[in-house]
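Since the structure comes first, as structure tokens, the remarks are kept for the end.
The values are calculated or read from the model by the stated rules, or taken from the named source; none is laboratory data. This structure is a prediction, so every number in the text was calculated from the model and none was measured. Positions of Cβ are backbone-derived with ideal geometry, glycine not excepted, and every protein chain shown enters the neighbour counts.
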Amino acid sequence: MRLASSAVAAVLVVVCRAAPQVTIGSTTIVGTQNTGQTEFFGSIPYAEPPVGQLRFAPPVLKADPGVASLDASAYGPSCPVGGSSNPVEDCLTINVLRPVGTASGAGLPVMVWIYGGGFQSGDASGYDGTGFAIAGINRGTPFLYVNLNYRLGVLGFPQGQEATSRGALNLGLKDILTALEWVQQNIAAFGGDPAKVTIFGQSAGSIAVANLFLNSNLESLVRAAIFESGAQSSLPMFPGAHRDQDWQNFVAAVPQCSGASSTDTFDCLRQADITAIVSGQSSASGQAGEQFPWTPVIDGAGGVIPDLPSTLLAAGQFSRLPFISGSNLDEGTQFVSTTLSSDDQLTQFFDNFVNPAGGASAAQQTQIDDLIQLYPDDPSQGSPYGTGSNTFGLGSEYKRAASIAGDIWFHSIRRAWNQAASAQGVPVFAYLFTDPQAAGNPSQGGESCPVLLSYVFGAPGAAPASTLSATMKDYWISFATSLDPNDGKGNDRPQWLQYTSSSQVVMQLQGGNTTIIPDTYRAEQISFINSQPATFNH
Ligand SMILES: *[C@@H]1O[C@H](CO)[C@@H](O)[C@H](O)[C@H]1NC(C)=O
């Protein structure tokens, strides 16, 4: 009888594991065991709600939730995006995933993920790190995976004269910094080591991390970074006041503020309903001459981005943190117009890109013309590369434009950044992701950003290309846990050679042919771009 009842008790223990708990400050955070190997704590506030007087204001750290018990079993709401029907402005939350049973004080390395989405979409819940974290456990290098929401659109990246004079630029970047401060204060309680934090991101997330390398004292918050498709100026970098018209268009589209003085809009906007704010943003985005008008900007002396990033990089003004950085083969395909079919249209497209608010100057036009001449008018040499003369039913200049755009926005800056950092002795590991993807409309695919993500985040062994995916997880996790992608653990994989001034090499990440290659692709074109950084708003 007694034996039987203890057997029942043992079964109950297995079936009904207690929810994991962590105490920070005076709060017990109650998470959930989300798989047999991992447990999750979600929706923990890291900043005061950015509402009321804190709308369009820098974030205020909230080190402790300030309640006795916090239900942390799910993700919090995403930050408002343009036109969303049910926006939730109180969105600044952070999430922690850890190996099951990790003890407070275990001191595991930490990886903090920053999502992309052009600074106008994205949210942490879209980047479940469970498969990635399990890969870390299985290879004997467990780590904590953290991700967070930062403000987007007009709420995260106000533009214009008033935002500049009120010190309200780059708020989304400051949200990320505040979350990193939260990690410094609290991650040990979850079993993480605050001295072993790697920050990584993709696309706009990668741009954000690169911007934090410029003037944010990032060294005090993290020890390494991984950039997936994005560097400091992958989106054109303008002074904060440059997009004043976009801000005025936004204000005009918020009904209760449309009559506000153009130099005093914040007071009214802080009282407007959040639904009116996101709807006004949609309307202003539609009027903007560019796809991504709400982005990081130059915020002057003492700011996060005090000057044009190319100027800062040339002067050696950046964090000396080791990093991995890479691009995908076909970065431009998603972002260029699919209808370009004449030289004039091609020129116009890039003229507009260098100055969406007023067109290129004569000097810029000359440089754009010279650049275009460096790219043959031959679809078989355009992007997506390696697709022969197939134009996919798109404009005849589309593949040429995609090649140029990929180089201006991604490849040139990745190369310039790797060269500048390695020249200062920073450990740099570069990659070029070229795994062939299924044929289809290249404007929606190619070796573009979202594809690479599935290789890093996919569950171990899952499609696509599981060998390459496992290799990439190994490199990423090895680097984050040892500062070297070649830790000898996990799957056998090629040695990833460091990028140095005397040996400028990138790892070609391609299923069946992952190998080190010289960083010399399109050398002439990319050198031209990097010799004229101001023209391209780099
Ligand atoms: C592997 O990649 C290298 C560098 O891109 C290339 O030169 C070589 O032809 C490739 N090998 C195979 C078998 O595809």
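Some points to look at:
- Qualifying residue in the stretch 190-201 (condition: acidic (Asp, Glu), under 30 Å from SER454 (Cα atoms), assigned by TED's automatic domain parsing to the domain that holds PRO65 and not in a loop (DSSP other than H, G, I, E, B)): yes
- Per the listing ASP369, ASP351, the residue uniquely closer than 22 Å to SER443 by Cβ, in contact with a helix residue (DSSP H, G or I) (Cβ under 8 Å, 6 or more places away or on another chain), in the same structural domain as LEU432 (by TED's automatic domain parsing) and not in a loop (DSSP other than H, G, I, E, B) is ASP351.
- When the residues of the stretch 504-515 are filtered to those that are assigned to a strand (DSSP E or B) and surrounded by 16 or more Cβ atoms within 10 Å (Cβ to Cβ), the one that is nearest to the ligand (Cβ to nearest atom) is GLN508.
- Candidate set: the stretch 347-363, residues that are of a type outside the set (Gly, Ala, Ser) and more than 28 Å from the chain's Cα centre (by Cα); chosen: the one nearest to LYS399 (Cα to Cα): THR347
- Only one of SER206, SER261, SER282 that is free of Cβ contacts under 8 Å to residues at least 12 places away in the same chain and either part of a helix (DSSP H, G or I) or more than 28 Å from ASN352 (Cα to Cα) (or both): SER261
- Counted residues, the stretch 219-244 - those being among the aliphatic types (A, V, I, L, M), crowded, with 24+ Cβ neighbours inside 10 Å and not in a loop (DSSP other than H, G, I, E, B): 2
- Residue within the stretch 54-63 that is within 21 Å of LEU221 (Cα to Cα), in contact (Cβ under 8 Å) with a residue 24 or more places away in the chain and buried (at least 20 other Cβ atoms within 10 Å of the Cβ) present: yes
- Filter result (within 30 Å of PHE238 (Cβ to Cβ) and in contact with a helix residue (DSSP H, G or I) (Cβ under 6 Å, 6 or more places away or on another chain)) within the stretch 373-383: LEU374, TYR375, GLY382, SER383
- Candidates ASP492, ASP519 - the one that is acidic (Asp, Glu) and either within 15 Å of the ligand (Cβ to nearest atom) or outside the structural domain of ALA357 (by TED's automatic domain parsing) (or both): ASP519
- There is no residue in the stretch 457-477 that is modelled with pLDDT of 95 or more, more than 16 Å from the ligand (Cβ to nearest atom) and at positive phi.
- Set GLU219, GLU181: member being over 28 Å from GLU39 (Cα atoms) and either of a type in the set (Asp, Glu) or at pLDDT below 95 (or both): GLU219
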